[in-house]
1. Want the number for ILE225 to ARG403: 0.36 nm per residue separation, take away the alpha-carbon distance, what's left?
2. Under 15 Å from the 7 Å Cα→Cβ point of VAL154, by amide nitrogen: which residues of segment 125-148?
3. Bins of 10 Å, beginning at zero and ending with the bin holding the largest distance: percent of Cα pairs per bin for segment 119-181, please.
4. For segment 327-346, list residues with backbone N below 20 Å from a point placed 7 Å from the Cα of ARG367 toward its Cβ?
5. For LYS397, LYS310, write out the residues from largest to smallest accessible area, computed with a 1.4 angstrom probe and no ligands counted.
6. Just grab the label-to-label distance for ALA357 and LEU326, each label 7 Å out from Cα along the Cβ direction, in nm (one decimal).
7. Equivalent-ellipsoid semi-axes (√(5λ), Cα gyration tensor) for segment 207-328, whole Å, largest first?
8. If packing is taken as the average number of other Cβ atoms within 10 Å across a peptide's residues, how do 68-78, 175-185 rank, most packed first?
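The values are calculated or read from the model by the stated rules, or taken from the named source; none is laboratory data. All values derive from a computational prediction rather than experimental measurement. As a convention, Cβ positions derive from the backbone with ideal geometry for all residues, glycine included, and neighbour counts pool all protein chains shown. Quick note on the areas: whole protein, heavy atoms, side chains included, nothing else; ligands and nucleic acids left out. Shrake-Rupley method; radii C 1.70, N 1.55, O 1.52, S 1.80 Å.
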Amino acid sequence: QRELCSIGGMTVEEVQACLLPGDLLDASGLCPVSLTWPMGFAWSSYIAQEFLLDVCRAADLDESSILSCETATPMSFELAFAAATDDVMIFSDAGEGGTLQAARNLDAEMQKRGIIRNTAKDVNDELVATCVGVALEQGTQLGVPSARCLAMMVSVVHLLSCAEASPKQVQQQLGVQQWFDLLRRCKLSVYNKVYDFIRDPHDTRPRRLPHEALFELGIGMLLGIFWQVDLRKPFLPLLSATDASTEFGFGGSIARLPADMIHRLARISEKQGDYVVLDGGTSTKPAKRLGQAHQLGLSLDDFVDIFSVKSRHSAHINVLEGEAFLLWLRWILRCRRRHCSRVVVLVDSSVWLGAAAKGRSSTRLNRLLRKAAALEMSEDLQVYLILVPSAENASDKPSRGIRCSAKFASKLQSNRYVVPCNSPK
């Protein structure tokens, strides 16, 4: 009880002072109201998550191996884990039995602290399982459980046939679809007009659904064929960069790097403002930024320009950044050998990176995000975006019409690069 109170920043004495007469068990303790965590509010979920992470630490699950949006993705999956409020998932690619000992340590720590487990949810060292509603198939692919997929299809067909429902019912259907869209975030750009219909999710009055909302729900379900994600997809041995300028147009550059270095770089993609810098050879004083900087042993001369295209129309710089990204996508997909792979690209626009990382935008950028989604999903391309300062963006000059000399991979040797993210070599 003292441990739980200290998590909330209050001592037992402070809590006792807040209680009504009769709430105290005796002078030395408290009477528990419930043996379970109350859910439904941000604070209770936060406390449960923090307490669970403390249990994981005590069970020798290293936080450097955690899967989360705030930290770099683990380089090795010999033992990795994720915590979702009151669920723990342990993963390993070390073969059969790789997760059993870690699970036993976690169970022992829970028993030591008096935590009551739901043993019906236990999964022990399996290649086929359901994790937070997502199906893991043969240990190599993520997808939608068949029963849930069938239920969504029936619901969408019903909505299309009757064209009438309450905003609350549509919000529930859309919420389920969007949960699985997180497997393919670019697919979220499909939804736009349906948000106007569900503006009040507590409205239970049935009404006629607009044609545009029905179309988006149907397309969202039809594109569910792209929910299947192959975890074995290789990284392309290319580091790309794109940029745009209002004075000229669009530019793109690439550097040929070992695939293992590209893998290390992808770990910091879209991680809470983290960004990369090159070898520090630029003369411009770097601006102060939020997030952690990760230095690469690359110079601007290590990149070769792949396109420098003048814009045919004027537009906002954020729109131009999106169009430069589309030009780069089309260049990547010209070669069939680059399909069905993962690729890393550097961009200097926080706005475009944020929109692409989210998967959709309420602005004009959503039109470009839909085009990018069509290209990425049709050729099974998984894109990792990383922020880079404008002064160290290799495609800054070609976006201004300045073509650099093509100095290719003769300089590029893996042992001269600094490994990013402070990861072990």
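1. 60.0 nm
2. Under 15 Å, as judged by backbone N against the label point of VAL154, lie 146-148 of segment 125-148.
3. 18, 41, 26, 13, 2
4. Once the point is set 7 Å along Cα→Cβ of ARG367, 327-330 turn out to lie under 20 Å by backbone N, inside segment 327-346.
5. Numbers: LYS397 105, LYS310 125 Å².
Correct descending sequence by accessible area is LYS310, LYS397.
6. Each label point lies 7 Å from its Cα, and together they span 2.3 nm.
7. 33, 22, 16
8. Result, highest mean first: 175-185, 68-78.
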